Amino acid sequence: MAGASKQSAFARASRAISQSMGHPVAFVASVAVVLAWALSGPLFHFSDTWQLVINTGTTIVTFLMVFLIQNTQNRDATAMHLKLDELIRATEGARNASIDMEELSEAELSALRDRYMRLASMARERAERELTTGAPDIEQVAEHLKKANTAEARAETAAVVAHVTDDRG
C-alpha cells in the first residue's frame, strides 16, 4: 500500500500490535501465561507477591492495549467515513448534504434519524397499500417507491440541512 510508508511509527506499530493481538495465537499465548501463573502458585505459596504479578501484568497490558486499539479504530473509522463520503459525492442522485454527517451534533443527528425513520415508514405504508390493492408487479411498486421516495427524501433532507445550517449561523 502506498500510504502505509507515510504513517508514523506509532500508527504502524499500533496497527501491527492490534492485528497480532486479535489473532488466535495471541489468545492461546495469554491462556498459557495465565496457566503458568496459576500452576506456579504452590511454588510461591500463593503469596501476595504471586498475586500481584498477574494483577500488575494484566493491568499494564490492558491499559496499553486500550490506546493501541483506539488509535487503530479511529484511523479505520476516519478512512471509512472518507470512503463513504466519496461514494456519496460520486453517486448520481445522492444527497451531498449527507457528506460529513458525523460532524453534526447529537441533536442534529437525532433529527435526521427521525426524518429518515418517517420516510422509511411512509415507504413501507405506501408499499403495503399498493400490495393490498392489487398492484400488478412488485418491481413496479419498488420502482415507484424509489422514484417517489428519492424526490421526497431530497426535499426533506434539504429542509433539515437548511434548518441545521440556519441554527448554526
Quick one: is Thr72 part of a helix (DSSP H, G or I) and within 21 Å of Val31 (Cα to Cα)? no
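Listed here are the residues, each with its yes/no results for (1) charged (D, E, K, R); (2) more than 27 Å from Ala79 (Cβ to Cβ); (3) modelled with pLDDT of 75 or more; (4) surrounded by 10 or more Cβ atoms within 10 Å (Cβ to Cβ).
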{"site": "Arg95", "(1), (2), (3), (4)": "yes, no, yes, yes"}
{"site": "Leu109", "(1), (2), (3), (4)": "no, no, yes, yes"}
{"site": "Arg124", "(1), (2), (3), (4)": "yes, yes, yes, yes"}
{"site": "Glu128", "(1), (2), (3), (4)": "yes, yes, yes, yes"}
{"site": "Pro136", "(1), (2), (3), (4)": "no, yes, no, no"}
{"site": "His144", "(1), (2), (3), (4)": "no, yes, no, yes"}
Across region 101-114, the tally of residues that are within 23 Å of Glu86 (Cα to Cα) and touching a helix residue (DSSP H, G or I) at 6+ places or on another chain (Cβ under 8 Å) stands at 6
Within region 1-48, the count of residues that are loosely packed, with under 10 Cβ neighbours inside 10 Å, hydroxyl-bearing (Ser, Thr, Tyr) and part of a helix (DSSP H, G or I) comes to 1
- Query: If you go through region 54-62 one residue at a time, do you hit one that is within 23 Å of the chain's Cα centre (by Cα) and either assigned to a helix (DSSP H, G or I) or of a type outside the set (Gly, Ala, Ser) (or both)?
  - Reply: yes
Counting only residues in region 76-93 that are surrounded by 15 or more Cβ atoms within 10 Å (Cβ to Cβ) and not aliphatic (A, V, I, L, M), the one nearest to Ser8 (Cα to Cα) is identified as His81
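What number of residues within region 76-98 are without any contact (Cβ under 8 Å) to a residue 12 or more places away in the chain and either outside any helix (DSSP H, G or I) or touching a Lys or Arg at 6+ places or on another chain (Cβ under 8 Å) (or both)? Before the answer, list the steps.
Step one: filter region 76-98 for residues without any contact (Cβ under 8 Å) to a residue 12 or more places away in the chain, giving 76-80, 82-84, 86-92, 94, 96.
The next check asks that each one be either outside any helix (DSSP H, G or I) or touching a Lys or Arg at 6+ places or on another chain (Cβ under 8 Å) (or both); those that pass are 88, 91-92, 94, 96.
Number satisfying all stated conditions: 5.
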Here the qualifying pairs (Cβ atoms under 7 Å; residues six or more apart or on different chains; first in region 59-71 and over 17 Å from Ala9 (Cβ atoms) and in the same structural domain as Ser20 (by TED's automatic domain parsing); second surrounded by 10 or more Cβ atoms within 10 Å (Cβ to Cβ) and aliphatic (A, V, I, L, M)) come out as Met65/Met21
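Looking at Leu64, Leu39, Leu84, Leu52, can you tell me which residue is out of contact with any helix residue (DSSP H, G or I) (no Cβ under 6 Å at 6 or more places or on another chain) and at pLDDT below 90? Spell out how you get there, then give the answer.
Values: Leu64 fails: at pLDDT below 90; Leu39 fails: at pLDDT below 90; Leu52 fails: at pLDDT below 90.
Going through Leu64, Leu39, Leu84, Leu52 in turn, just one is out of contact with any helix residue (DSSP H, G or I) (no Cβ under 6 Å at 6 or more places or on another chain) and at pLDDT below 90: Leu84.
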Scanning region 14-43 for residues that are free of Cβ contacts under 8 Å to residues at least 60 places away in the same chain and within 17 Å of Gln73 (Cα to Cα) gives Ser14, Ala16, Ile17, Ser18, Gln19, Ser20, Met21, Gly22, His23
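The values are calculated or read from the model by the stated rules, or taken from the named source; none is laboratory data. Please read these numbers as outputs of a predicted model, since none were measured by experiment. Backbone-built Cβ (ideal geometry, glycine too); neighbour counts: all protein chains shown.
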